[in-house]
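First the structure, in the form of structure tokens, and then the observations on it.
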Amino acid sequence: MTLGDLQRALVEHLLTGDRRISERVRPQAGLEVYHHAYRAQLLGCLRDTYERVWAWLGDEAFDRAGACHVELVAPKSWTLNEYGEEFAATLASLYPDDPEVPELAWLDWALRRAFDGPDSTPVDITALDDLDWEAAEFRFAPTLRVGAVVTNSAAIWSALAEDRTPPAVTQLPEPTELLVWRPDLSPRFRTLAPMEAHALKSALAGATFGDICRLHAARSAEDNAVAAAGAMLGLWLRDGFVVGFSAD
Amino acid sequence: MPNLEPFSGFGLGLRQPHYQEFLQRHVPVDFVEVISENFMVDGGRPPQILDAVRERHPVALHGVSMSIGSADGLRPDYLKRLRVLADRVNPLWVSDHLCWTGVHGFNSHDLLPLPYTEEALETVCNNIKHAQEVLERPILLENPSSYLTFSDDLMTEWEFIAQTCRLTGCFLLLDVNNVYVSGANHGFDPYEYIAHIPAERVMQMHLAGHSRGRELLIDTHDEPVPDAVWALYEFALRRFGHVATMIERDDKIPALSELITELDSARARACAASSERQCAS
């Protein structure tokens with residue numbers, strides 16, 4: 001048996017419990033140690049990354065979901081940081097009637113990725129005087145992510161993070177977008193108003209500030225639209241997730 | 001390739017519960033060891049913490065994901081990241097384990113055992129040479145705790161390690177606890193193991209505790225260093241002299257003061273061994 005064959009056989013044991021490797025190793029108890037350690041390590045990783053989901057579901061339910069995910073998804077990256085990206089999808093299939101569960105998972109994941117994601121510096125507002133607002137496309141912090149929610153999962157997440165009793169799950173009046181980003185060293189998130197979410201997703205797709213003014217105009221009187229777009233831009237700049245413009 | 005500067009001292013693994021103490025006050029250690037992968041990230045707080053600690057203490061980089069024994073070679077993206085980190089930190093040295101963590105795109109994130117065969121030796125040596133070329137420095141290889149041996153084995157672990165050092169020029173991070181754990185699990189004499197390690201290659205030693213499983217000792221790093229490991233350390237000190245020594249605790253991490261006390265115990269033993277060596281010379 002070549003080294004490669006032997007390594008594939010041991011991987012097969014880890015993943016499926018296949019015991020073809022057993023005749024070539026001793027003691028047999030050692031196989032169980034590695035089989036168990038593989039799962040324990042990944043479950044520990046999921047607990048670490050999905051801390052609020054863990055708190056929401058409790059130990060038993062979380063470990064059941066985690067064990068299910070470990071059997072479904074094998075790690076590929078050299079870094080454990082990347083394990084668990086698909087856990088929200090696993091939770092969505094396990095909890096089809098509890099959308100707050102995968103939503104909490106999305107938030108946990110987005111905040112964790114933002115924590116050690118690429119650094120960025122908010123755009124210098126004083127350097128924008130000569131910017132051609134019709135032509136300039138936004139450049140956003142690389143840690144910025146937008147995700148849709150239908151429940152009050154953001155409020156639940158915040159309560160769990162602050163060791164408060166979380167509110168009961170409620171459906172939001174309409175689907176809402178959450179924004180995650182890291183302007184300095186601490187990841188943040190907040191809820192986006194519907195118009196702001198539409199504008200931000202447009203800007204992420206390449207819309208200019210002029211385009212965004214027209215989006216506002218389509219929904220309100222022109223004077224109000226420019227003021228509203230300007231207020232929104234001010235908010236984005238203060239939040240620190242605009243890092244530049246393509247026409248800089 | 002540049003050689004490693006001689007360094008001896010007593011250090012601790014930098015773990016998250018102790019970050020603030022390391023940043024806010026003087027911690028009486030001669031160096032800290034960090035898990036490389038924890039800082040092989042794009043940005044954010046981890047690199048800032050490492051930079052701040054680096055201003056106060058020499059840093060050794062200790063990896064768990066190089067997968068030195070993988071039959072399909074090392075991952076270029078991993079090595080590239082590690083090189084970037086090493087350039088940033090200018091570490092005392094870079095170490096990883098004699099093991100493999102995955103193959104063909106799968107990563108177990110566990111330190112899996114190697115058969116001690118000629119083919120595995122060639123693979124390990126090729127991979128170490130590759131890593132040393134990319135990093136432009138010799139690396140330290142750590143003996144792992146293991147729970148399996150293979151019917152294909154043609155040599156002992158210490159013979160495999162000695163050959164690897166000879167063929168690659170790498171150095172050793174001797175984990176005394178791992179020698180003890182593997183010895184108990186596989187029925188070899190840990191003192192014989194240490195007696196056959198090429199002394200001139202040992203740059204660092206790890207000390208840790210372990211747990212007793214149903215049938216095997218498990219390298220859990222969640223207990224103080226037990227007496228049997230201290231005794232083995234004293235034997236290693238007499239053989240290797242005063243090389244850098246570190247207490248490694250990865251789970252049930254106690255107060256920093258407790259680890260400092262444990263480290264002081266290592267200092268005292270090294271000091272006593274040093275006196276013995278001076279008396280003997």
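By the rule of a C-alpha distance below 20 Å, with chain neighbours fewer than 8 residues away ignored, the lysines paired with B:LYS129 are B:LYS80. The dipole here belongs to region A:102-248: it is taken about the Cα centre, uses +1 on the Cβ of Lys and Arg and -1 on the Cβ of Asp and Glu, and is about 560 debye.
State whether region A:97-248 is rounded, prolate or oblate according to the following rule on the C-alpha gyration tensor (a ≥ b ≥ c being the square roots of its eigenvalues): a/c under 1.5 gives rounded; otherwise a/b larger than b/c gives prolate, and the remaining case gives oblate.
Values: a/c = 2.51, a/b = 1.49, b/c = 1.68.
It is oblate, given that a/c is not under 1.5 and a/b is not larger than b/c.
The DSSP beta bridges internal to region B:10-280 are antiparallel in roughly 15% of cases. Taking 16 Å as the straight-line reach from the Cα of A:LYS76, the aspartates and glutamates in range (excluding those fewer than 8 positions away in the same chain) are A:GLU12, A:GLU85, A:GLU86, B:GLU37, B:ASP72, B:ASP77, B:ASP110. Exposure proxy for A:MET232, A:MET195: other Cβ atoms within 10 Å of each Cβ, ordered fewest to most, give A:MET195, A:MET232. What is the local net charge at B:MET40, summed over the other residues whose Cβ is closer than 11 Å to its Cβ (Lys, Arg +1; Asp, Glu -1)? My count for the surroundings of B:MET40 gives 0. As a proxy for reagent exposure, ranking B:SER257, A:SER220 by other Cβ atoms within 10 Å from fewest up yields B:SER257, A:SER220.
If we count other beta carbons within 10 Å of each Cβ, what is the order of A:MET1, B:MET203, B:MET1, fewest first? Spell out each step's value before the answer.
Values: A:MET1 16, B:MET203 24, B:MET1 10.
Going from sparsest to densest Cβ surroundings: B:MET1, A:MET1, B:MET203.
Which whole-angstrom value gives the distance between the alpha carbon centres of region B:1-60 and region B:102-140? Each part reduced to its Cα centre gives a spacing of 25 Å.
For A:ALA9, what charge total do you get from the other residues with a beta carbon under 14 Å from its beta carbon, if Lys and Arg give +1 and Asp and Glu give -1? Could you put the intermediate results ahead of the total?
On the way: positive: A:ARG8, A:ARG19, A:ARG20, A:ARG24; negative: A:ASP5, A:GLU12, A:ASP18, A:GLU23, B:ASP152.
Once positives and negatives cancel, what remains is -1.
How much of the DSSP beta bridge set in the protein assembly as shown is antiparallel, as a percent to the nearest 5? The partial results should precede the final answer.
Numbers: 22 of 48 bridges.
Of all bridge pairs located within the protein assembly as shown, approximately 45 percent are antiparallel.
Working from label points 7 Å from Cα in the Cα-to-Cβ sense, the A:GLU86 to A:VAL150 distance is 2.3 nm. Across region B:10-280, the relative contact order, built from alpha-carbon pairs under 8 Å that are at least six residues apart, equals 16 percent.
Can you give the charge dipole size of region B:10-280 about its Cα centre, rounded to the nearest 20 debye, using +1 on the beta carbon of Lys and Arg and -1 on the beta carbon of Asp and Glu? The partial results should precede the final answer.
On the way: 23 positive and 39 negative charges, 170 e Å.
Dipole about the Cα centre, nearest 20: 820 debye.
Label positions at A:ARG64 and A:MET195, each projected 7 Å from the Cα along the C-beta direction, are separated by 4.6 nm. Beta bridges per DSSP, both residues in region A:120-248: antiparallel share near 100 percent. A simple spin-label model places the labels of B:GLU258 and A:GLN41 2.5 nm from each other, with each point 7 Å out along Cα-to-Cβ.
About its Cα centre, the protein assembly as shown has a charge dipole of approximately 620 debye under the convention of +1 per Lys or Arg Cβ and -1 per Asp or Glu Cβ, with nothing else charged.
None of the figures in this text is laboratory data; all of them are computed from the coordinates on show. The model shown is predicted, which means the values in this text are computed figures rather than measured ones. Here Cβ is always computed from backbone atoms with ideal geometry, including for glycine, and neighbour counts include all displayed protein chains.
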